[in-house]
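The values are calculated or read from the model by the stated rules, or taken from the named source; none is laboratory data. Note that the structure is predicted; figures quoted are calculated from it, not measured. Methodologically, a virtual Cβ is constructed for each residue, glycine included, from the backbone with ideal geometry; neighbour enumeration extends over all protein chains shown.
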Amino acid sequence: MKFFIDTANLDQIKEANDLGILDGVTTNPSLMAKEGIKGEAAVLKHYVDICNIVDGDVSAEVIATTYNEMIAEGEKLAALHENIVVKIPMIKDGIKAIKYLTSKGIRTNCTLVFSSGQAILAAKAGATYISPFVGRLDDISFDGIQLIAEISQIFAVQGYQTQILAASIRNPVHIVKSAQVGAHVITSPLNSILALLKHPLTDSGLAQFLADHAKNNA
Ligand code: G3P
């Protein structure tokens, strides 16, 4: 399973990349706004800055919501760097745009996926990735991980090549469960990735080893 970081914060992207386990980055307009990146030129430059840090796929989301505007914006984003993946919302024109961009060899990430039906449509259109939002489903009392499991089963049965990118990850358990049920990729905030490191028995065990070594070499 690939690890993407879900942020537009360059320091956090660098920190995750330095760990040596980072395969890519996802962003969205809310994450860009959180970093105060405003205006087209600044946004485009920020995507290039991210691509220059990470050797992996970088999802850049379109703002347009009509077919013609989405494909124009998608082509512009894709031209920024070979690692850009164009993120397209799961709407009717979005499916058409995914089909078109795929036919032009441009990779896509269909975002805001909340059902298996939406996942099937995006796969049929040729999306490189689909992003089901695990945490936002959990927020409204639906089981986000169960959706990943269902899509994983459908894609295996049907032989779809589209990769399942578990998004809206909120904690380390979401990462582990996504791996268990067949996500190809998770995209997560840095804190949930770092939380995977933690176990109290690791900390106490290491402290004991170092104490015994110090005693033995005093
Ligand atoms: O990749 C989508 C993700 O950013 C949404 O996460 O936490 O806003 O639901 P969240």
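Tabulated data for the structure shown
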read-out: The lone exception for residue 182 - which of (1) in contact with a helix residue (DSSP H, G or I) (Cβ under 8 Å, 6 or more places away or on another chain); (2) touching a residue at least 60 places away in the same chain (Cβ under 8 Å) it fails; value: (2)
read-out: Test result for residue 76, within 13 Å of the ligand (Cβ to nearest atom), over 19 Å from residue 186 (Cβ atoms) and at pLDDT 95 or above; value: no
read-out: Unique residue being at pLDDT 95 or above, more than 12 Å from the ligand (Cβ to nearest atom) and in contact with a Ser or Thr (Cβ under 9 Å, 6 or more places away or on another chain) when the list is 15, 35, 61; value: 35
read-out: Criterion: closer than 20 Å to residue 8 by Cα, in contact with a strand residue (DSSP E or B) (Cβ under 7 Å, 6 or more places away or on another chain) and of a type in the set (Gly, Ala, Ser) - qualifying residue of 78, 122, 64; value: 78
read-out: Residue satisfying all of: in the stretch 100-120; of a type in the set (A, V, I, L, M) and within 19 Å of the chain's Cα centre (by Cα); farthest from residue 85 (Cα to Cα) among these; value: 120
read-out: Residue identified as within 14 Å of the ligand (Cβ to nearest atom), closer than 24 Å to residue 22 by Cβ and at pLDDT 95 or above among 152, 168; value: 168
read-out: Flag if residue 176 is among the aliphatic types (A, V, I, L, M) and more than 16 Å from the ligand (Cβ to nearest atom); value: yes
read-out: Cβ pairs under 6 Å, 6+ apart, first in the stretch 11-34 and over 24 Å from residue 89 (Cα atoms) and touching a residue at least 60 places away in the same chain (Cβ under 8 Å), second within 16 Å of the ligand (Cβ to nearest atom) and assigned to a helix (DSSP H, G or I); value: 12/190; 16/190
read-out: Qualifying residue in the stretch 131-148 (condition: in contact (Cβ under 8 Å) with a residue 40 or more places away in the chain and either under 23 Å from residue 91 (Cβ atoms) or within 14 Å of the ligand (Cβ to nearest atom) (or both)); value: yes
read-out: Pick from the stretch 38-58, criterion within 15 Å of the ligand (Cβ to nearest atom) and in contact with a helix residue (DSSP H, G or I) (Cβ under 7 Å, 6 or more places away or on another chain), ranking: nearest to residue 109 (Cα to Cα); value: 58
